Every structure is written in C-alpha cells, then in structure tokens.
Amino acid sequence: MDRNIIITGGAGFIGSHVVRLFVNKYPEYRIICVDKLTYAGNLANLADLEQRPNFVFVKADICDLDKMRSLMKEYNVDSIIHLAAESHVDRSIKDPFTFARTNVMGTLSLLQAAKEHWDTLPEKYDGKLFYHISTDEVYGALELTHPEGIDAPFTTKASSGKNHEAYGDEFFVETTAYNPHSPYSASKASSDHFVRAYHDTYGMPTIVTNCSNNYGPYQFPEKLIPLFINNIRHRKPLPVYGKGENVRDWLYVEDHARAIDVIFHKGKVAETYNIGGFNEWKNIDIIRTIISTVDRLLGRAEGEDLDLITYVTDRAGHDLRYAIDSRKLQKELGWEPSLQFEEGIERTVRWYLDNQEWMDNVTSGDYLKYYEEMYKDR
Ligand code: NAD
Ligand code: TYD
C-alpha cells in the first residue's frame, strides 16, 4: 500500500462520505477507519465498503492512548484525518463533559500517539500529516445586519439557486479570532489549539479546516434537516427554535468530502482553510423548502404540512449567524462546490424517504444492540 491513513469518526455522517471517497478513489491507500460507534456511529453507513481490500474497520475510542499508540505502530500510519467528535450542540448543553473528553482529550491522545510513532522513524515527520476537521462554530456568531437579506457579495454553484442572499456584512475568514459560545464549539476550539500547538512546539505537520453546516445522506436525525424530514413524513411537530431567524451556511456533505481530499493532497502544512459555499439560509426558509419538497415527493398537496411548524423555546446561547468565506480554498487549491443547493436538498430528501429502514433503525436504537452483540468478543 502506498499510504496507511487513519480516518477517525468514519462511521459517522461526514466521516462515512470521506471514507467512501478515499476507499473508492485510492485503491492504493489502506484506509483504517477508527470509530467508537457511539450513538452517532453506524456501520450501516459503510456497508458497501465492508469487503474492500483497502478498508479496515477498528472499533476503538480515540481517548484510549495505548490503543492509538498500537494502531499507529501496527499499520505504520503516515496520516490521520481526524473527524471523530461529539458533534451535536444541544447534547453539549446537557452534557459538556463528554464533549471535553472526546473532542479535547481524544484529539490530544491521537496527536500524542502520532508524535510518538513518527518520532521513532528515521524520516520523522517527512511525508506525514495530521489533518484535523473542525467547524466554523469556533469563530462564534456573526451579526444579522441585513435581516431581510441582500445580494451575496460572492456566490458559488452551491448558492446559484433561488436564494443567493447574505444576511450580514461580515464573514468568517481564516484569521477571525476564536470566540466559541457553546460547550461543543468550545471543545472544538480547544482541540484546534492543541493541533496547532503540536505543530508549533514539535514541528508536527498539521492542517486544520473549518467547515460550515453540512447536509446530505447518513446524518443522524437529531440535526435539523434529517429530523425535520422524518417528522414531516410522520406528521410530527417541527420544533423551530426561537423565531427561526438564525442563519446557517449549508454545504452538501460530498462537497465537503471533496474539499478534504483536495486539502489532504494539496494543502500547505500549518495552514487553515475555511470550507463553505456562500450559501446562507434562515432556518425558517430552509424548513419551508424541506416541507414543500417532502410533500411533493410524497404526493401530498404542496405546503400541506406547513402547520407542523411549532415555535419552541430558543436554544440557550443560540448563535445567530454563521457565514464562511472560502475564497482562500477556492483560489489557492481550486476547490469549489459541485452541487447547487436546491438539487442537494432534493437529493437529500429523496435519500431519507427512500431509506426509511436506515431511519427506523437509528431512531429505534436497534442498531446499537446489533453492534454490541457483534463486537462483544473483540
Ligand atoms: P457525527 O456525530 O455524525 O459522527 C461522529 C463520529 O465519531 C461517530 O461515528 C462516532 O461514533 C465517532 N466518535 C465519537 N466519539 C468517539 C470516540 N471517543 N472515539 C472514536 N470515535 C468516536 O459527526 P459529523 O457531523 O460527521 O462530524 C464529523 C466532524 O466534522 C466533527 O469533528 C465535527 O465537529 C466536524 N464538523 C461537522 C459539521 C456538520 O455540519 N456536521 C460541520 C463542520 C465540521
Ligand atoms: P443543527 O442541525 O443542530 O446544527 P448547528 O446547531 O450545529 O448549526 O441546527 C441547525 C439550526 O437549526 C440551528 O440554528 C438550530 C436550529 N434547530 C431548530 O430550530 N430545531 C431543531 O429541532 C434543531 C435540531 C435545530
């Protein structure tokens, strides 16, 4: 094998798309997917890859330093693409300690295990990379200076549809100061600092990327888009936090995976790249789009389910607006989103409606029992 790459969190939403892309596109790379299979990890997300000769699955906790050390050695790992994390803001509000453990201590264990292994090699850090996947949420929240929206100053294919608006004048750039508000974003910010510290202190080759909200297949239905698609299907209430006026910048998950591929191969060590498609949406607008798409695809009268919208108490510390400026990545490495947003939403809604069994499994928790049984002797 030309390379031995650990991808952590590969049984989760984004990780499964990254693993799939790498296993299919690079048969000459061994892809070692390391995942604890928490409630968010699901081997069904990788079922099509099980028999592939360049794919290995290891059930492990990234906080287990000894296990990370032995994996580095066993596979003589040259690169890590690190996605494993606790990722849901609402859970972090209820249980911040789990977020500090996995996101901070887990990242630190991986960094240390990589350092120790690479330090034993004659070539040391040559040809090595620790690539850390982070989020735009570490930058905090932007103002909503244009609540009605203005023409976005920059557009990409992702934002070329009906909505090409920006809701403020500022965007997150790579040099924006960190200002996290939720326990989730605070833990991700802390992990980003550790990654950069391993570069600055020990010379470890690292890259950090900060991406905007992702959407697409295999996302756990606690997040806005899959949760609402499933609720509409079952005609359950749609809990809209606050007034539904918060703004998020949405990117199709496969476009994020493509960006990770480009940055892994062409990115400059020690750099940060922001990933996003200049595709801002107010929650309430995206929710209306989802309702009309689900209704149409289910043969219901379009908009029939609008009355499922239920305004509920706002999320504590709810960040008002996220908006990524990804021009550095576009200019320096030539990446841009491939999918227009309305196409992406159509594809996503179809996927969840066509994969009701996947949805039923993850909402019933049956899959957790299945994997406990499968891995009880390992
Ligand atoms: P996810 O919650 O769907 O998946 C996380 C995966 O990590 C799961 O498979 C889970 O089993 C695994 N995991 C959790 N704790 C672990 C541990 N201690 N040891 C080993 N594995 C563990 O998350 P996601 O949405 O796919 O996000 C992946 C990464 O991308 C995260 O680092 C997240 O911060 C970042 N990110 C996500 C988004 C988004 O919109 N979802 C946007 C930008 C960045
Ligand atoms: P989410 O998918 O949790 O992503 P994040 O908080 O990381 O941006 O939420 C996206 C937006 O949708 C966010 O502004 C919170 C809002 N939201 C709701 O209004 N209702 C819900 O039930 C959920 C899960 C989210």
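The values are calculated or read from the model by the stated rules, or taken from the named source; none is laboratory data. Just so it is clear, the structure is predicted and the values come from calculations on it, not from any experiment. Here the Cβ positions follow ideal geometry from the backbone for every residue, glycine too, while neighbour counts run over all protein chains shown. Areas reflect the complete protein model, heavy atoms only, side chains present, ligands, DNA and RNA absent. Shrake-Rupley method; radii C 1.70, N 1.55, O 1.52, S 1.80 Å.
Can you name the residue in the range 306-329 that is more than 10 Å from ligand 2 (Cβ to nearest atom) and crowded, with 21+ Cβ neighbours inside 10 Å and, of all such residues, is farthest from Gly149 (Cα to Cα)?
By that ranking, first place goes to Leu329.
How many of the residues making up the range 97-144 are among the charged types (D, E, K, R) and closer than 14 Å to Pro205 by Cβ?
Summing the residues that are among the charged types (D, E, K, R) and closer than 14 Å to Pro205 by Cβ in the range 97-144 gives 6.
Within the range 112-138, track down each residue that is outside any strand (DSSP E or B) and either surrounded by 23 or more Cβ atoms within 10 Å (Cβ to Cβ) or acidic (Asp, Glu) (or both).
If the condition is that a residue be outside any strand (DSSP E or B) and either surrounded by 23 or more Cβ atoms within 10 Å (Cβ to Cβ) or acidic (Asp, Glu) (or both), then Ala113, Ala114, Glu116, Asp119, Glu123, Asp126, Asp136, Glu137, Val138 are the ones that fit.
All but one of (1) within 26 Å of Trp358 (Cα to Cα); (2) buried (at least 17 other Cβ atoms within 10 Å of the Cβ); (3) basic (Lys, Arg) hold for Lys282; which doesn't?
Result: Lys282 fails condition (1) only.
So, of the residues in the range 139-169 that are assigned to a strand (DSSP E or B) and of a type outside the set (A, V, I, L, M), which turns out to be nearest to Val253 (Cα to Cα)?
Glu165
Under 6 Å by Cβ, and 6 or more places apart or on different chains, what pairs join a residue from the range 209-230 that is more than 26 Å from Asp192 (Cα to Cα) and free of Cβ contacts under 8 Å to residues at least 24 places away in the same chain with one that is within 11 Å of ligand 1 (Cβ to nearest atom) and open to solvent by 10 Å² or more (accessible area, probe 1.4 Å)?
Leu227/Pro221
Output the residues belonging to the range 229-240 that are more than 7 Å from ligand 2 (Cβ to nearest atom), of a type outside the set (D, E, K, R) and surrounded by fewer than 17 Cβ atoms within 10 Å (Cβ to Cβ).
If the condition is that a residue be more than 7 Å from ligand 2 (Cβ to nearest atom), of a type outside the set (D, E, K, R) and surrounded by fewer than 17 Cβ atoms within 10 Å (Cβ to Cβ), then His234, Pro237 are the ones that fit.
Taking the range 145-159 as the region of interest, how many residues are open to solvent by 70 Å² or more (accessible area, probe 1.4 Å) and farther than 13 Å from Trp281 by Cα?
The total comes to 4.
Within the range 62-82, can you find the residues that are in contact with a strand residue (DSSP E or B) (Cβ under 9 Å, 6 or more places away or on another chain) and touching a residue at least 12 places away in the same chain (Cβ under 8 Å)?
Residues satisfying the conditions are Ile62, Met68, Leu71, Met72, Tyr75, Asn76, Val77, Asp78, Ser79, Ile80, Ile81, His82.
Hey, among Ile291, Ile345, which residue is open to solvent by less than 50 Å² (accessible area, probe 1.4 Å), of a type outside the set (Lys, Arg), more than 23 Å from Glu137 (Cβ to Cβ) and within 16 Å of ligand 2 (Cβ to nearest atom)?
Just a single option satisfies the conditions, and that option is Ile291.
Among the residues of the range 165-180 satisfying the criterion of being touching a residue at least 40 places away in the same chain (Cβ under 8 Å) and out of contact with any helix residue (DSSP H, G or I) (no Cβ under 8 Å at 6 or more places or on another chain), which is surrounded by the fewest Cβ atoms within 10 Å (Cβ to Cβ)?
That would be Glu170.
Could you figure out which of (1) in contact with a helix residue (DSSP H, G or I) (Cβ under 9 Å, 6 or more places away or on another chain); (2) open to solvent by 20 Å² or more (accessible area, probe 1.4 Å); (3) part of a helix (DSSP H, G or I); (4) modelled with pLDDT of 95 or more isn't true of Ser338?
With respect to (1) in contact with a helix residue (DSSP H, G or I) (Cβ under 9 Å, 6 or more places away or on another chain); (2) open to solvent by 20 Å² or more (accessible area, probe 1.4 Å); (3) part of a helix (DSSP H, G or I); (4) modelled with pLDDT of 95 or more, Ser338 is out only on (3).
If only one of Pro217, Pro226 is surrounded by fewer than 21 Cβ atoms within 10 Å (Cβ to Cβ) and modelled with pLDDT of 95 or more, which one is it?
Pro217
Which condition breaks for Ala141 when tested against (1) loosely packed, with under 14 Cβ neighbours inside 10 Å; (2) under 24 Å from the mean Cα position of the chain (by Cα); (3) not β-branched (Val, Ile, Thr)?
Among (1) loosely packed, with under 14 Cβ neighbours inside 10 Å; (2) under 24 Å from the mean Cα position of the chain (by Cα); (3) not β-branched (Val, Ile, Thr), the lone unmet condition for Ala141 is (1).
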